[in-house]
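Since every read-out is calculated from the coordinates, none of them should be taken as a lab result. This structure is a prediction, so every number in the text was calculated from the model and none was measured. Here the Cβ positions follow ideal geometry from the backbone for every residue, glycine too, while neighbour counts run over all protein chains shown.
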Amino acid sequence: MAIEAPPPAATSPTSPSLPSAYARKSTGLVRQISLTGQSVFAASGNPFGFSLVITLFALTLFPRSNFYIAMAIALVCGVTSWVTFALLSAMMPRVGGDYAFVSRILNPAVGLGSNLSFFVGSMMAAGLWCYWVAEQGLSPALTVIGAVTHSKGLTSAGASFGPTHQVNCFLVAAGALLLMSGLSALGTRIAFRVVTALFMIAAAGFVIDMVILALTSHGSFVSRINHLAGHGSYGKTVAKGSASLLPTHGYSVKSTIGAAYYCLSNTVFCWAGVYTIAEFRGAGQRKRQLKTMLGTGSVQIFLILIAAFIFLNTVGYSFFISALGGNYSGPGGSTVGLAGYVYFAGLATPGKLLVAILSLSFMGWWLPGLWVNLAMAQRALLSYSFDGLLPKRIAYVSPKTHTPLVAIAIVTVGSLAGCAWVSFSSSFFKVLGIMLLLSFVPMIFVGVAAIAVKRRRTDLYKGSPAEWRIAGVEVLPVAGAGCLLVGVAAIATALYFHTQLAFNVWVAGVLPFGIMAFGLAWYAVARTVRRKRGVDLDLVYRTIPPE
Amino acid sequence: MKPFFKRGSTVDPPRNARRLFFATDIHGSDRCFRKFINAGRFYGVDYLILGGDITGKSLVLIERTARGWSARFNDHQYVDIDEDARNALEQNIRDHGQYPYVGDRAELEALADDEYRDAAFRATVVEGIRRWIKLAEERLAGTGIRCFITPGNDDYFDIDEPLQESDVVEFVDGSTIRLDEYEMLTCGYSNITPWRSPRELPEEQMLERLNDMASGVEDHENLIVVIHPPPYDTPLDHAPAIDDEFVVQMQSGAPMLVPVGSTAVRAFVESQQPLLGLHGHVHESKASEYIGRTLCINPGSEYTEGTLAGAIVTLGDRRVLAHQLIVG
């Protein structure tokens, strides 16, 4: 019994009246999941409002970049990895992402080494998401509510959760982490419900925000800023940023390339959130996998572009960049730092109560995003344990809550370390930059696996939905080569722009290799330990010759 | 809580150790079956056990035309292919757990009739099993490896006869047999599913059947049970929930997972406490878990890709010395 769809309702190529296959009544054959169900899952894996805010940081990280062109480059680059993942998923449905692809096609030790980068990156991401609950959620929400209600107390409270108050940020972040870990431990259903509720609240708030921003003229926004922050504030902010930040004398190609890397790194990994459902709905079906992957990736980018356009059109491209660069001084001398989106979207909103509701609703994005990252890291531990790379106890599932308590505890501790690192760093960009860089490592190896699959796993590839040709050219190796090139280019670009991304080029450059070496050593140790107990890890993925 | 790593090594298993390979739910995949037969020598095991649901679920139509043969399979369209290409396609279809069904348009159109189609399915499935038995006999005869096969809930009763006729393959459903110092009890039936497949029993009857079989067991401590469905509410039995229309139920956008194993199997394992429980049925719940002293294993299934999921288990000194799940 397995949940699987009956053969597709395609007809015979020569007789439209004939089906291509008949399925008998047997366990596991089900109808397809609705498109709505699939869309909700895809969306929940990619908290959209969050993606928008993080992507808009490109404007301040790479001054004088053309955001729209950067996003277009990200879309083109993203296609290679989405196609690669879609085809590999069609070939090996339900096996579970980059770790399984690389382990089965290349080598289990390499699979562990490359996935370990993603695992470490997930815990760093969880730390970031926790931190952003304070810095990008609570702080701007309280500050903007304070601004429109003229409450110094709230403005001051907002500032106390800003980046300069590291202990406060850490405490809020740790609280958010413990809350989500606790929910995960209590049961998947409870966690799902809370996450869905938060997601829905945030999504509703975001849609209303967008409608308000679209209906608010640029002139009225300027008047509101000048009214709240003092006469001429808007113009002064723009003027302060004109020298270094704004594209007064045209856009910079170099900065646009940097921004393209940054936009790519915030949009390409949507496969991590969608491949499960793509496998589930269209297991073994190339068209469905491609539709889901490419659809989610491109729709995500188009929505960010539309939302960014609406927001920047109202707020002003130059003003927003300059404000993010620290040139805006709000009521009572308050600043917004990098939490500009929530703050200015709030200022554009009419009515104090609505400002409060919409600003606080935005916080709903952060916890679902945090939960997704925690879940990915927990899932990696379960996979390692399953394959004998970790003790079986790591995969212990509580009979009461049906949740992997040991894995949850380990990931919580790891994420707490990430949380402390972000909170007490000089800039969260340091952690964000390294985290994004690490995330490209498995993409590179998946690209290599896609190129090698025809030779290394002919049995899986030949005649499979992944053996797809366009004009006689096999798509998977080409997409894999693209995936590999994009991954390498992304890491090289990140290292080149290490100053903007605030990390040490040597540390960041060595880290992926260090983690890979650690993964290989880990595999060797696990193999030795297991062999002493009569278990041969080399057999886990070794193909039995059928002939 | 048990220690993460037990002290002491078992590099060299005791002389009386026995090794078995267990796979299940290969659903007609020719490649999986060939791998299963070869797994004996590949892993160096004494026993091969195939735990049910061995037959496929679909017929793929190959139409004979004036210019050759045409079909659609795995997102590929085959139009007017020659005989060699057709043979390769047929093998590819079989490797992925489906059955090629060749005929001219009139013969294929006749499959629209339910009765005719059911008869075609049964004949094709039985023919497939006979081919497998022949292959097993060719490859296993004289190797000293014992091969046990039981049907599962999805398998027609029509396949029992060809399985029982073999000299090499041992048909074990509903029986308790001796494996050296161990005994093995096998049941291919499952609890009731929404699909009403051929071999299903209500939980009470299932428990009764299992207890009846166990009454003849001499040594419960050395008992291996091969029961197709896994014990209820364990890591071995979680599958997406479906409604009356067989639509997967989503919760928060993700498939809602529910236990679908057998309460009878769980009660049986808890009360009899055999040494080892080998299960299948729920392909997506690959796991191993102790229920008391009983190690229960569900190796899962990936038959649609021709990948054989299985478990290698080493037994000795009246305990499970080692076990590992593999994807071969």
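Projected onto planes of every orientation and averaged, the convex hull of the alpha-carbon atoms in segment A:292-382 covers 8.5 nm². Count Lys and Arg as plus one, Asp and Glu as minus one, and take only other residues whose Cβ is under 15 Å from that of A:Gly519; the net charge is then -1. P(r) tail, segment A:137-240: Cα-Cα pairs separated by more than 18 Å, 68% of all pairs. Please work out the Cα center distance from segment A:529-547 to segment B:75-154, rounded to the nearest Å. The distance from the Cα centre of segment A:529-547 to that of segment B:75-154 comes to 30 Å.
Just from its helices, what would the mean residue ellipticity at 222 nm be for chain B, if runs of 4 or more DSSP H residues each count -39500 (n - 2.57) and the sum is divided by every residue, rounded to the nearest 500 deg cm²/dmol? So the calculated ellipticity at 222 nm is -8000 deg cm²/dmol. With only Cα atoms counted, segment A:157-198 has Rg and Dmax values of 13.2, 37 Å.
Roughly how many whole Å is it from the C-alpha centroid of segment A:496-520 to that of segment B:197-274? Cα centroid to Cα centroid, the span is 49 Å.
The helix-based estimate of mean residue ellipticity at 222 nm for chain A, built from -39,500 (n - 2.57) per DSSP H run of four or more residues and divided by its residue count, is -23000 deg cm²/dmol to the nearest 500.
Largest GNM mean-square fluctuation across B:Asn222, B:Asn191, B:Asn38, computed for chain B with C-alpha springs under 10 Å, falls on B:Asn38.
For the cross-link pairs A:Lys287/A:Lys430; A:Lys291/B:Lys57; A:Lys291/B:Lys35; A:Lys25/A:Lys392; A:Lys287/B:Lys35, the ones whose C-alpha atoms lie over 28 Å apart are A:Lys287/A:Lys430; A:Lys291/B:Lys35; A:Lys25/A:Lys392; A:Lys287/B:Lys35. With the simple model of a label 7 Å out from the Cα in the direction of the Cβ, A:Leu178 to A:Thr458 spans 5.9 nm. The calculated FRET efficiency for the pair A:Asp538 and A:Val207, based on their C-beta separation and a Förster distance of 56 Å, comes to about 0.60.
With only Cα atoms counted, segment A:372-505 has Rg and Dmax values of 19.5, 55 Å. Computed from Cα positions, the angle between helix A:188-215 and the longest principal axis of chain A comes to roughly 50 degrees. Bin width 5 Å, origin at 0, all Cα-Cα pairs of segment A:44-126: what percent of pairs per bin? Final binned percentages: 3, 11, 13, 18, 21, 15, 11, 6, 1.
For chain B, the Kirkwood estimate of the hydrodynamic radius, built from every pair of different alpha carbons, is 20.9 Å.
By the Stokes-Einstein formula, at 1.002 mPa s and 20 °C, segment B:45-94 with its Kirkwood radius over alpha-carbon pairs has D equal to 167 µm²/s. Between segment A:46-75 and segment A:118-174, the alpha-carbon centres lie 21 Å apart. Within 10 Å of the Cβ of each residue in A:534-543, the mean number of Cβ atoms contributed by other protein chains is 6. The mean number of Cβ atoms from other chains found within 10 Å of a Cβ in peptide B:72-81 is 6, as a whole number. Round to the nearest 0.05 the FRET efficiency obtained for B:Met256 and A:Ser298 when R0 = 30 Å and r is the Cβ-Cβ distance. Step by step, r from the Cβ atoms, then E = 0.55. For the peptide B:301-312, the mean number of other protein chain Cβ atoms found within 10 angstrom of a residue's Cβ is 4.
A simple count of charges around A:Val446, restricted to other residues whose Cβ falls under 12 Å of its Cβ and scoring Lys, Arg +1 and Asp, Glu -1, yields 0. From the P(r) of the protein assembly as shown, can you give the percent of Cα pairs sitting at distances over 44 Å? Taking all Cα-Cα pairs of the protein assembly as shown, the fraction more than 44 Å apart is 34 percent.
Applying the Karplus relation 6.51 cos²θ - 1.76 cosθ + 1.60 with θ = phi - 60° to segment B:288-299 yields 3J(HN,Hα) values of 9, 7, 8, 10, x, 8, 8, 8, 9, 10, 10, x Hz, where x marks Gly and Pro. Within the shell defined by Cβ-Cβ distances under 12 Å, the residues around A:Ser329 carry a net charge of +2, with Lys and Arg each +1 and Asp and Glu each -1. Of the trypsin sites (Lys or Arg not before Pro) found in segment A:353-415, those in coil by DSSP whose Cβ has at most 11 other Cβ atoms within 10 Å are A:Lys400. For a straight C-alpha distance cut-off of 19 angstrom, the lysines reachable from A:Lys152 (same-chain residues fewer than eight places away being disregarded) are A:Lys352. Working value for segment B:186-240: equivalent-ellipsoid semi-axes of 22, 15, 9 Å, each the square root of 5 times a Cα gyration tensor eigenvalue, largest first. Axis of helix A:366-386 versus longest Cα principal axis of chain A: the two differ by about 20°, to the nearest ten degrees. Angle of helix A:505-532 to the longest C-alpha principal axis of chain A, folded into 0 to 90 degrees and rounded to 10: 30°.
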